[in-house]
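A.B. asks: First, the structure itself, so that you have it in front of you.
A short reminder: the numbers here are calculations on the coordinates, not readings from a lab. Just so it is clear, the structure is predicted and the values come from calculations on it, not from any experiment. Glycine also receives a Cβ, built like all others from the backbone with ideal geometry; neighbour counts cover every protein chain displayed.
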Amino acid sequence: MTAPTDSITLENSIPITEAGPGYPCGMAKAAADLSSARRRAGVLGAVLGAAAGVVAGAVAGVAAQRAVARWRRPIEDPYAGERFDPQPYDESLTVTTDDGLDLYVEIVEPVDGVDVDLDDLQLDLAQPVGAPAPTLVFVHGFCLHMGSFHFQRRALAERGDWRMVFYDQPGHGRSGRRTEGEYTLEGLGAALRRVIEATTPEGRIVLVGHSMGGMTIMALAELDPELIAQRVAGVVLIATSAGRLEATRVGLPQIVSRAARPVLPLVNNAARLTTTVIDRARLAASNLAWQLTRRYGFGTARPSRALVSFVEGMNSSTSIETIARYLRTLYTHARYPALDALRDVPVLVICGEKDQITPPVLSTQICERLPHAKLVMVPDSGHVVLLEHSAEVNDVLTDFLETLG
């Protein structure tokens, strides 16, 4: 490979009723000391800063800085020494979307195994060998990048049973950004199809999507149901929604939702936002962004500071222009009919019980349309359940993959 230099009980139910090399904005600093007062703001801080103004952002920033100071009290952090650097891969490539954006992609191949004496295994070679394991394609969420699957990638790579494909969605991580117009979920679905065509032109695949990544999978199902029917062996939807987020105000309190709305008109005038305005707004809101990430991304009362900083770092690396160009399509996402394409596909739905971004009700609504789907609610967990309770998510994910053969 190429390398850049006691458990929570799960309740399964079917409801009826990442600066490391290559990564922007200091992935290696994800677990840095929180005493730095110059952390750049994440998406929520940026939205608040742009919408409410620099002065309001500065006032909020002072209050948030005091709150962050309280977090400096010594407390054990299991991830304090975790290196959220880019992980090893076997191949990297660039895939160009239909509208000309370059997507950064990494492929991790399965482990070949060890040499054995076939005579010792007493195998009946006359019997047919099972089909190869499906390739896993991971699709990350809004204002994140492929590094959000940090713990799943490491655990599955250590097992070495599956080929895996990771990529940064348009406008995120190391992928290209639009200079005009808006991003659309239809475009994200088409981009996912291009990634599949370029990396896995044949054979079975499993699609794993978190948050907007799950919506991207639904957009692909709407765009190409034949691909789903013929090649998709399973789908994993983590903390996502099939309905309009506008209806739930994206699960955020009114102050955040109201702050997001004024940003929508900026979509058509994003180029007019000066660097000075953006930088001042983000700097003023930096501590507020960290606090908002902790409050609304996590479910535990005192989550790992290293994890919060990692997530906020991914948020910070997403430009305000990208954020503005995405908001409309996220607020108008409505793809319940697209779920029909998944009726004959094994589906695993995972959600944190305390998710305030995509509340559990949105996961149950998906399962109401897909009664065969397995729903796993993870207690004491928020929107980034795949990081916050990675061991539990890894267990149910691995169990699901093993059922697919």
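A.B. asks: Using 0.36 nm per residue of separation minus the Cα-Cα distance, give me the extension gain between Ala80 and Asp344 in nm, one decimal.
C.D. replies: Full extension from Ala80 to Asp344 adds 90.8 nm.
A.B. asks: Indicate the gyration tensor shape class of the stretch 290-405 (rounded, prolate or oblate), computed on the Cα atoms with a ≥ b ≥ c the square roots of the eigenvalues: a/c under 1.5 is rounded; otherwise a/b larger than b/c is prolate and the rest oblate. Intermediate results must be reported in sequence, preceding the final value.
C.D. replies: On the way: a/c = 2.03, a/b = 1.29, b/c = 1.58.
In terms of gyration-tensor shape, oblate.
A.B. asks: Are there GluC sites (Glu not before Pro) in the stretch 163-240 that DSSP marks as loop and that have at most 10 other Cβ atoms within 10 Å, and which are they?
C.D. replies: Those that pass, being in a loop and sparsely packed, are Glu180, Glu202.
A.B. asks: Could you give each residue of the stretch 219-224 its phi-based ³J(HN,Hα) in whole Hz, using Karplus coefficients 6.51, -1.76, 1.60 with θ = phi - 60°, and x for Gly or Pro?
C.D. replies: Each residue's phi maps through the Karplus curve to give 5, 5, 4, 5, 6, 9 Hz.
A.B. asks: Listing Thr216, Thr300, Thr240, Thr179 from the residue with the fewest other Cβ atoms within 10 Å to the one with the most, what is the order?
C.D. replies: Thr179, Thr300, Thr216, Thr240
A.B. asks: OK, next. Using just the Cα positions, wrap the stretch 351-405 in a convex hull and report its mean projected area in square nanometres, one decimal place.
C.D. replies: In nm², the orientation-averaged hull projection of the stretch 351-405 is 3.8.
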